[in-house]
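Here the structure comes first, spelled out in structure tokens, and everything after it is commentary.
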Amino acid sequence: MNDAHPTSPMLVGATYGLTSAEAASRLALRRRIRPRGPMGLPFGRRLRQTLTERLVLLLLAVAVIYAVLGAFRDAVVILAVIVIVVGLETWTEWRASRAIASLSILSAPRALVWRDRHLQEVPPDELVPDDVILLSAGSRIPADARVLEADELLVDESLVTGESQPVEIRPLPGEVAELKAGTHLLRGRATAVVTVVGEASTLGRVASMVAETKAQRTPLQQRMDELARGLLIAAVVISVVVPLIGLLRGQDPRQMVLTALTLAFATIPQELPVLVVVVLGLGSLRMVRQGAIIRHLGAAETLGATTLVCTDKTGTLTENRISLTSAVTAGTVVESGPGRQEDLDRLGQLARLASEPPTGGDSRLADPIDAAVWRATEADWPDPPVRFGFDSARRMASGLVQLGDDLVLGVKGAPEAVLVRAHWWRTRSGATQTLGSDLRSQVVAAASELTAGGSRVLAVASRVIHGPPLGGPSQLERDLVFEGLLAFSDPLRPEVSRAVRELQGAGVAVTMVTGDQPATAAAVARAAGLGGPTFIAAQTKAWSSAELASHAARGCVVARARPEDKLRIVQAAAAAGEVVAVTGDGVNDAPALEAAAIGVAMGRSGSDVAREAADLILADDNFATLAGAAAEGRRLYENLRKAVRYYLAVKLALILVTFVMAVTGRPLPFSPLQIVVLELFMDLGASVAFVNLPAEGDEMRRRPRDPRARIVDRRLLAGVAAGGLTLAVLSGVTYLVALHAYGVDGARTLAMAVWLVGHAALGVVMGWERRPIEPRDLLANPAMLLWAGAAVAFAVAILAWPPLRVLLHGGPVPALSGALVVVAGLVVPLWLEGLKRYRAR
């Protein structure tokens, strides 16, 4: 079956498309011919990449030299370590790459398709030819398709054609209008039938040309690359100098060559750039479980540095579940709810005439106010054959229906717009009277009071038309009878107030930018706990960028804002040095999302255009999820810092203890084989134990970090120095004392054991930087506990099991000495924990 399967009108079905069974059959056939690609780099290919890394080849050279020298047992041990190192590194990086790839899949747009006479959301790669899809403004076209029915469409084809100007598509009778996969619908709605899917589609051909494009490295990854290159020089110097000193002092040349190779393997900081991918990539999956989908690692870096959040109101702070709550008619307030109130029923029926019904009964495809009217009313009157939709010039909508001998026009719209066209009002008895200035003032006051309480208020009016209805809406929507007001509300999400307080306590300002009217915006802001004044967007146009940024950075409300106002706020704040996160859901929000450091799109209500421009997608459209993601971003960055600090500390300790023994003329404290085993545990600790460290609890009580600050700052270097010196002194003193008592092999046994225990204890202590460790902290991170336990168990095994000790070139030592070494390894690093407790006081 060809992906460009010719469309058969017999199979399409004029309205409802294919059945699920037909779609599944076609999809199964297409995937047998062209299987779905793997997610991320395949495991086998990643394994081959790891096997050809220079440091793995270096270790392989050590194994070959051992074999040439006749030390076949040592060669086998080295090969076993290679298998473990390569396997663990490949598995860890593969997991991270799959995590990152899964984030892109989770953030991919969905297609709205007719199946089994119902609308369903499916991934674009599950579409098949002859599927009937529904498209609305903001949708990404998921496949090449032919238009069946449409309004005037405006399509952005820049992705596939490079044309910067949107293209208008106006389907005419007898003409075929085609839509290309990967383009975006900027305006209008359409029903289309899929013609080409997969790699044969327009988007598929473009994607195949860029499939091998190398992903750009994030700023943090680039800084880690620079750090690794700097440390590489030091590692190479040590790997050359230490064996040279040994040679000058008459040590075995063959052992010195092996020492040079294994020291290079152990001290070259190969894991530093990988740590960014592992910690941030795997850590981002935890955000997904909380409803925040990171689209790339750069966003995970930046989240913790956010200083300003510019948020929408509807659907983000509120539940986006607009409902009809009350009505004002003839001076009386009628609450919506169970029971039938005659006044409310009449208002509801008139408003229903002017409200578009949900397409296919799906409220997601209707205007929220229209959907609320349809939910709150019953179809007591016929459905109008003629409706005039809302537009920004008239600021109202209407519908015309025949009731008996009369043509009745139902109108709903902005109170001020409706009152201008109303000359009468309906009394409680049903009679009509002239709408005088006093009553107009009362209506305006009632509307203002409802708006101040956070309600969206619409006026409802009617007109009985005698004779044929001539002209368009402007001619018909006049000489109206004012019927009353309808109040709609969108309740604040219950968790928003706490999330706002949490962000503000973390030094993050929150500014609301909404298209709603000022009174409604101010009421929601008060309920959410947002401080600061309320401005109308028109006021801000006269402000300088610095003034605008100053107000936004302190937290405020900007009402009646358009997308270009939001973009200007973001640009002004960013120019003033703020790290801005901005939420958006519409097509016109895309520029602001692109301009922000963190563009945040809505997963449910957001358009495909907005989601593709965003860095972070809120799966539940919930502001509290954004606050949680900011806290999680800070945790991830802190975990990365802790992993880097530990990694550099143990490397420093190995370099120090080896160098000191070399320059003082003593045998090196570790044999080449022992160095390889120690490096295995060190890399495991950095890449596994620190990924899922729990938060320390104060992440959201501290100011945001400076995104320009280097990850290796003075505080981190102080921790590296303290930890590295502690481990170096612990293992060095142990080795020197044991050297006189038990000889080189026995001393190396004790030094290796104390190193394993000490570096595990050091890793646990370094897992918590700003507060003392509590027992529950260890249980909260099983990976850390498992790694530390394995290191201690291995140390005990070296001391207690002769075959393993001989295999690693160790010598026998008394049990008491071994026990003292294990205790010392556990206790000595705890002085760092004592220092933390002293500072905490």
**Asked** Using the count of nearby Cβ atoms within 10 Å as a rough guide to exposure, how do HIS184, HIS296, HIS551, HIS740 rank from fewest to most?
**Response** HIS740, HIS296, HIS551, HIS184
**Cross-link reach list, lysines versus LYS313, counting only Cα pairs under 24 Å and skipping chain neighbours closer than eight places** = LYS412, LYS541, LYS566
**Over segment 324-485, relative contact order from alpha-carbon pairs under 8 Å, at least 6 apart, %** = 23 percent
**Request:** For ALA143, enumerate residues with amide H under 5 Å from its amide H, sequence gap 5+ or separate chain, H modeled in the peptide plane.
**Result:** GLY182
**Fill in**
Honestly segment 324-485 on the Cα gyration tensor test (a ≥ b ≥ c root eigenvalues; a/c under 1.5 rounded, otherwise a/b vs b/c for prolate or oblate) is just rounded
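If R₀ is 51 angstrom, what is the calculated FRET efficiency for the pair GLU495 and LEU403, using the beta carbon separation as r and rounding to 0.05? Intermediate values should be presented prior to the final figure.
On the way: r = 46 Å, r/R0 = 0.91.
Result of the calculation: an efficiency of 0.65.
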**Request:** Could you list HIS466, HIS759 in order of exposure, starting from the residue whose Cβ has the fewest other Cβ atoms within 10 Å?
**Result:** HIS466, HIS759
**Prompt:** Exposure proxy check: ILE294, ILE617 ranked by fewest other beta carbons within 10 Å?
**Reply:** ILE617, ILE294
**Request:** Could you list which residues have their amide H under 5 Å from that of CYS556, counting only those 5 or more apart in sequence or on another chain, with H placed in the peptide plane?
**Result:** THR511, MET512
**Message:** List the lysines whose Cα sits under 16 Å from the Cα of LYS836, skipping any in the same chain fewer than 8 residues away.
**Reply:** LYS642
**Prompt:** Given a Förster distance of 35 angstrom, what is the FRET efficiency for ARG703 paired with ARG604, based on the Cβ-Cβ distance and rounded to 0.05?
**Reply:** 0.60
**Message:** Students often get this wrong: which residues of segment 428-450 have the backbone nitrogen under 20 Å from the point 7 angstrom along Cα-to-C-beta of ASP479?
**Reply:** 431-436
**Prompt:** So, in nm, how far is label ASP367 from label ARG440 when the simple model puts each one 7 Å beyond its Cα toward the Cβ?
**Reply:** 2.4 nm
**At most 15 other Cβ within 10 Å, DSSP loop - trypsin sites (Lys or Arg not before Pro), segment 385-455** = ARG395, ARG428
**Asked** Taking 0.36 nm per residue of separation and subtracting the Cα-Cα distance, what length does fully extending ARG771 through ALA546 add?
**Response** 77.1 nm
**Prompt:** So if R0 is 35 Å, what FRET efficiency would TYR838 and ALA783 give, r being the distance between their Cβ atoms, rounded to the nearest 0.05?
**Reply:** 0.75
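Readers should treat all values here as calculations from the given coordinates under stated rules, not as data from a laboratory. Model, not experiment: these values are computed from the prediction. Glycine gets a Cβ as well: all are built from the backbone with ideal geometry, and neighbour counts include every protein chain shown.
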